[in-house]
Amino acid sequence: MESRIDWIDNAKALGIFLVLLGHQDISPLIRQWIYSFHMPLFFFLSGFLFNFEKYSKDRTFFKRKFHTLLVPYFIFAFISFFFWLFVVRNLSIHGESLKIDPLKPFLGIFYSIGMNGYGNPIENALWFLTCLFVVEAIFWFILKFSKKFSYTLSIFIFFIIVIIGVVYSYTSLVRLPWSMEVACVALIFYAAGFFYKDKIEFGLTLLKHANLPNKLVIITILLSFNILFSIINGRTDMNGSGFHNFILFLASAWMGIAFVLSVSRFSSVNNVFSFFGKNTLIIMGLSGIALFCLRGGIYLISRNLLYFEGIPVFVGIFLSFFLMIILVPVIYFINKYLPFVVGKRTHGC
């Protein structure tokens with residue numbers, strides 16, 4: 001189990017780095033590749049870690065998910081909104097923030113779809129937390145339901161829900177609160193992580209003990225197919241329900257997930273990766289504020305907008321790494337003095 005946790009931390013650290021890099025204004029092709037699998041990866045890992053037996057009672061499940069997903073969401077959403085309202089808007093160089101009616105992103109905190117003007121102006125990845133809450137609630141209810149009837153029936157229900165989500169996503173209907181239609185599609189990744197965790201762990205363990213040439217061949221093949229499918233399918237965006245060809249989207253996402261899992265399992269235990277992997281929630285919740293401060297500092301030094309628009313990939317990689325580093329003191333502070341922010345028990349409770 002310790003080995004399993006170690007490589008999952010590696011995967012989460014790599015995943016959050018890709019999230020940060022994907023939100024930089026880098027090459028469209030690189031962003032297209034990242035968006036082909038980075039959010040499916042997090043839904044998959046969440047399913048992999050889900051323990052149904054731990055939440056056999058309704059009250060236990062919803063209380064825990066309220067503290068670990070909804071409390072962090074609303075705290076980070078309100079912090080980033082008011083930071084944008086009182087800091088970003090007053091210091092905006094182009095004045096673009098002043099063109100946004102503050103009421104819409106404020107309502108967006110409760111609507112939580114992450115787009116169409118309702119997204120958080122500087123932390124637009126926060127939609128994932130409420131969407132994950134919906135995914136886990138659906139998954140938990142179906143598992144509980146299947147215990148009374150049959151396992152086959154539960155699989156059929158999962159399949160129907162995914163189909164409904166896909167069909168709804170291809171329509172021009174209104175976005176559902178908390179990205180419910182996206183949650184229906186995300187269920188396929190979450191369920192796969194849960195139901196096949198033992199087989200996946202067994203397969204990755206076999207690959208870990210393969211010789212180096214074989215490891216490199218496997219990683220190269222997975223990455224190559226991931227890139228190929230993402231290029232053929234074009235730019236996708238899970239939150240925006242932009243799948244294009246859904247079969248190609250699934251193929252690209254699964255190849256990307258397999259690539260990250262393989263790299264993470266092959267990699268040795270690293271305290272740095274483990275640290276960032278365990279604190280992806282804080283990085284997701286505060287990276288926008290950190291990026292604004294970082295870019296503001298760069299602008300004050302360079303007095304130009306070189307690092308604001310159309311940055312080279314290597315600059316985006318550097319900024320993403322640096323964002324994670326400058327958040328380290330904040331991570332330590334929250335974990336020690338404000339653990340409830342990320343759903344952890346306070347001292348003495």
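Every condition in (1) out of contact with any helix residue (DSSP H, G or I) (no Cβ under 6 Å at 6 or more places or on another chain); (2) farther than 20 Å from residue 195 by Cα; (3) at pLDDT below 90 is met by residue 79 except one, and the failing one is (3). Report yes if some residue within segment 196-203 is surrounded by fewer than 17 Cβ atoms within 10 Å (Cβ to Cβ), part of a loop (DSSP other than H, G, I, E, B) and not acidic (Asp, Glu); otherwise report no. Looking through segment 196-203, at least one residue is surrounded by fewer than 17 Cβ atoms within 10 Å (Cβ to Cβ), part of a loop (DSSP other than H, G, I, E, B) and not acidic (Asp, Glu).
Every condition in (1) out of contact with any Gly (no Cβ under 7 Å at 6 or more places or on another chain); (2) closer than 24 Å to residue 129 by Cβ; (3) of a type in the set (Ser, Thr, Tyr); (4) at pLDDT 95 or above is met by residue 168 except one, and the failing one is (4).
Residue 10 fulfils the conditions (1) farther than 22 Å from residue 266 by Cα; (2) of a type in the set (S, T, N, Q); (3) surrounded by 21 or more Cβ atoms within 10 Å (Cβ to Cβ) except for a single criterion, (1). Screening the candidates 54, 12 for the property of being of a type outside the set (A, V, I, L, M), in a helix (DSSP H, G or I) and over 28 Å from residue 233 (Cβ atoms) yields one hit, 54. The set of residues in segment 162-175 that are touching a residue at least 24 places away in the same chain (Cβ under 8 Å) and assigned to a loop (DSSP other than H, G, I, E, B) comprises 170, 175.
A quick yes/no check of all residues on (1) among the acidic types (Asp, Glu); (2) in contact with a helix residue (DSSP H, G or I) (Cβ under 8 Å, 6 or more places away or on another chain); (3) closer than 16 Å to residue 29 by Cα; (4) modelled with pLDDT of 95 or more:
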residue: 234; (1), (2), (3), (4): no, yes, yes, no
residue: 237; (1), (2), (3), (4): yes, yes, yes, no
residue: 249; (1), (2), (3), (4): no, yes, yes, yes
residue: 258; (1), (2), (3), (4): no, yes, no, yes
residue: 264; (1), (2), (3), (4): no, yes, no, no
residue: 269; (1), (2), (3), (4): no, yes, no, no
residue: 273; (1), (2), (3), (4): no, yes, no, no
residue: 277; (1), (2), (3), (4): no, yes, no, no
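Of the set (1) surrounded by 21 or more Cβ atoms within 10 Å (Cβ to Cβ); (2) assigned to a helix (DSSP H, G or I), all apply to residue 26 but (2). Scanning segment 215-230 for residues that are over 13 Å from residue 256 (Cα atoms) and touching a helix residue (DSSP H, G or I) at 6+ places or on another chain (Cβ under 8 Å) gives a single hit, 215.
Taking (1) β-branched (Val, Ile, Thr); (2) over 19 Å from the mean Cα position of the chain (by Cα); (3) over 30 Å from residue 21 (Cα atoms) in turn, residue 138 satisfies each apart from (2).
For segment 301-342, filtering for residues that are outside any helix (DSSP H, G or I) and modelled with pLDDT of 90 or more leaves 2. Taken over segment 176-195, the residue count meeting the criterion of being farther than 15 Å from residue 139 by Cα and either basic (Lys, Arg) or part of a helix (DSSP H, G or I) (or both) is 3.
Can you find a residue that is crowded, with 19+ Cβ neighbours inside 10 Å and either out of contact with any His (no Cβ under 9 Å at 6 or more places or on another chain) or under 25 Å from residue 115 (Cβ atoms) (or both) anywhere in segment 206-221? There is no residue in segment 206-221 that is crowded, with 19+ Cβ neighbours inside 10 Å and either out of contact with any His (no Cβ under 9 Å at 6 or more places or on another chain) or under 25 Å from residue 115 (Cβ atoms) (or both). The C-beta contact set for segment 12-25 (first residue farther than 19 Å from residue 258 by Cβ, second residue in a loop (DSSP other than H, G, I, E, B) and among the β-branched types (Val, Ile, Thr), distance under 8 angstrom, 6+ apart or interchain) comprises 24/311; 25/311.
For every residue, the table says whether it meets (1) crowded, with 20+ Cβ neighbours inside 10 Å; (2) in a helix (DSSP H, G or I); (3) of a type in the set (Gly, Ala, Ser).
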position	(1), (2), (3)
40	yes, yes, no
62	no, yes, no
84	yes, yes, no
114	yes, no, yes
119	yes, no, yes
133	yes, yes, no
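For residue 235, the conditions (1) touching a Ser or Thr at 6+ places or on another chain (Cβ under 9 Å); (2) basic (Lys, Arg); (3) surrounded by fewer than 22 Cβ atoms within 10 Å (Cβ to Cβ); (4) assigned to a helix (DSSP H, G or I) are fulfilled apart from (4).
The values are calculated or read from the model by the stated rules, or taken from the named source; none is laboratory data. Predicted model, so just to flag it, every value in this text is computed and none were measured. Please note: Cβ atoms are built from the backbone with ideal geometry, for glycine as well, and neighbour counts cover all protein chains shown.
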